[in-house]
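Student: Below: one structure in structure tokens.
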Amino acid sequence: MMGALTDRFGRHHTYLRISVTDRCNLRCTYCMPEHGIDWTPPQQILQTDEIIRLARLFVSMGIRKIRLTGGEPLVRRDTVDIVAALAKIEGLETFAMTTNGIGLAEEAARLHEKGLTTLTVSLDSLRRERFQAITKRDRFPDVMKGIEAALAAGFAPLKINIVVMKDVNDDEILDFVAWGRNKLVDLRFIEYMPFPDNHWSPGGLLPYAEIRARISEHYQLLPVVGDASAVGKEFTLAGHIAHVSFITSMTESFCGTCNRLRLTADGNIKSCLFHPAEKNLRDVMRAGGSNDELAGLIAAAVQAKPAAHPPVEELIHVENRAMIAIGG
Ligand code: 5AD
Ligand code: SF4
């Protein structure tokens, strides 16, 4: 299948991540620069109808999976309306969201009912005080209530994103595994990635091989065969309901099979998480541009996508948006 979303290296893009806001009610150290970011003024953020229009266009071009991200998607007031509208797009097969979980106690059931198929919650510690140290907010109880609500609403398996940071939370790897014994969750251990001012240092990275070895000392890991573009290496654990996955962004990057594009909250298409070049779709839409024009810009961004991101040593020096302004 060749098409507008096939790049110079033969990669077909079928997965679009849409950031609906750059705001968040947490301040995770690994995501937000300490001095904060300048929130994008509301008029520069895509409106609901603009998001719906672009989502339809992308699906008509070959996108089959959409994930809503932020900042924190649930701090945007009309996120549930966006979910309801996007769920109706014909041709969309998987519809996901990544959230910090704070709003889920209230919204999980409605999100499920409106047609969201897959949910991921970020949770880097099972200890209230440590959660507060990492996120700068004392919201651990809310997130745990949110996780309960999401499981009760039928999001199964519920994905849990854990960014593993040496000497910050790496002593909780086995606690997370034990926590998942009776839960329909996929525990996704993520290698810590560098972004501007996010406290990253080579010493803070705990490589996948080591995370896996620590779990293997106590449990037998059996691989689950997934689709080729899945970024996680997924395993079952004997005696456990939970699965564990490893996201090896740093030590074994998956650029070669990358099928993702990103749409930022301010309407830029980003072809690679680490590639600063962007094309602005918002201004073209607001100037009355046609779908053909937009499709041309999208195709150009796909053609400009690099083969791979630079090596780790160089990544720290790459000009980029903060993670919170990209949406993961
Ligand atoms: N390294 C790895 N993962 C990160 N995330 C945010 N910042 C980083 C980083 N520096 C992940 C979080 C969140 C998702 C949106 O992005 O796990 O779940
Ligand atoms: Fe918010 Fe997620 Fe960034 Fe934490 S990682 S500050 S929850 S967007």
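Student: What's the angle, to the nearest 10 degrees (0 to 90), between helix 140-153's Cα axis and the longest principal axis of the chain?
Tutor: Between the helix axis and the principal axis of the chain, the angle is about 70 degrees.
Student: Shifting gears a bit: What's the angle, to the nearest 10 degrees (0 to 90), between helix 104-114's Cα axis and the longest principal axis of the chain?
Tutor: 50
Student: Using label points projected 7 Å from each Cα along Cα→Cβ, tell me how many nm separate Asp175 and Ser290, to one decimal.
Tutor: It is 5.9 nm.
Student: At a probe radius of 1.4 Å, what is the per-residue accessible area of Met250, in Å² to the nearest 10?
Tutor: Its accessible surface works out to 20 Å², give or take rounding.
Student: I would also like to ask the following. Rounded to whole Hz and in sequence order, give me ³J(HN,Hα) for the stretch 319-328 from the Karplus expression 6.51 cos²θ - 1.76 cosθ + 1.60, θ = phi - 60°, writing x for Gly and Pro.
Tutor: Using θ = phi - 60°, the values come out as 5, 7, 6, 5, 3, 5, 8, 9, x, x Hz.
Student: Sticking with this structure for a sec: Hull surface divided by four, with the convex hull built on the Cα atoms of the stretch 2-326: how many nm²?
Tutor: The Cα convex hull of the stretch 2-326, projected and averaged over all directions, gives 15.5 nm².
Student: Based on DSSP, what percent of beta bridges with both residues in the stretch 145-256 are antiparallel, to the nearest 5?
Tutor: Around 45 percent antiparallel, to the nearest 5.
Student: Another one. Out of the stretch 83-119, which GluC sites (Glu not before Pro) are coil in DSSP terms and have no more than 12 other C-beta atoms within 10 Å?
Tutor: Those that pass, being in a loop and sparsely packed, are Glu90, Glu93.
Student: Under a GNM of the chain (C-alpha, springs under 10 Å), which listed residue has the highest mean-square fluctuation: Val224, Val185, Val163?
Tutor: Of Val224, Val185, Val163, the Gaussian network model singles out Val224 as fluctuating most.
Student: Can you give me the long-range amide H partners of Arg76? Hydrogens built in the peptide plane at 1.01 Å from N, cutoff under 5 Å, separation of 5 or more residues or another chain.
Tutor: none
Student: Further, regarding this structure: Taking the Cα centre of each part, how many Å lie between the stretch 249-328 and the stretch 1-71?
Tutor: Using only Cα atoms, the two centres lie 9 Å from each other.
Student: Continuing with the same structure: What angle, in degrees between 0 and 90 and rounded to the nearest 10, separates the Cα long axis of helix 291-303 from the longest principal axis of the Cα atoms of the chain?
Tutor: 50
Student: Next up: Exceeding 29 Å between C-alpha atoms, which entries from my cross-link table qualify? They are Lys166/Lys305; Lys136/Lys159; Lys233/Lys270; Lys65/Lys183; Lys114/Lys183.
Tutor: As for pairs spanning more than 29 Å Cα to Cα, those are Lys166/Lys305.
Student: So for Thr69, Thr257, what's the accessible-area order with a 1.4 Å probe, most first?
Tutor: Thr257, Thr69
Student: Sticking with this one: Provide Lys65, Lys88, Lys145, Lys305 ordered by accessible surface of protein heavy atoms (probe 1.4 Å), highest first.
Tutor: Largest accessible area first, the residues go Lys88, Lys145, Lys65, Lys305.
Student: Continuing with the same structure: State the antiparallel share, in %, of DSSP beta bridges confined to the chain, rounding to the nearest 5.
Tutor: In the chain, DSSP labels about 30 percent of beta bridges as antiparallel.
Student: May I pose another question? So what is the accessible area of the stretch 2-326 per residue, in Å², with the probe set to 1.4 Å?
Tutor: Roughly 43 Å² per residue, with all protein chains present.
The values are calculated or read from the model by the stated rules, or taken from the named source; none is laboratory data. All figures in this text were calculated on a predicted structure; none of them were measured in a lab. Positions of Cβ are generated from backbone atoms using ideal geometry, with glycine treated the same way; all protein chains shown enter the neighbour counts. Accessible surface areas use protein heavy atoms only, side chains included; no ligands, DNA or RNA. Shrake-Rupley method; radii C 1.70, N 1.55, O 1.52, S 1.80 Å.
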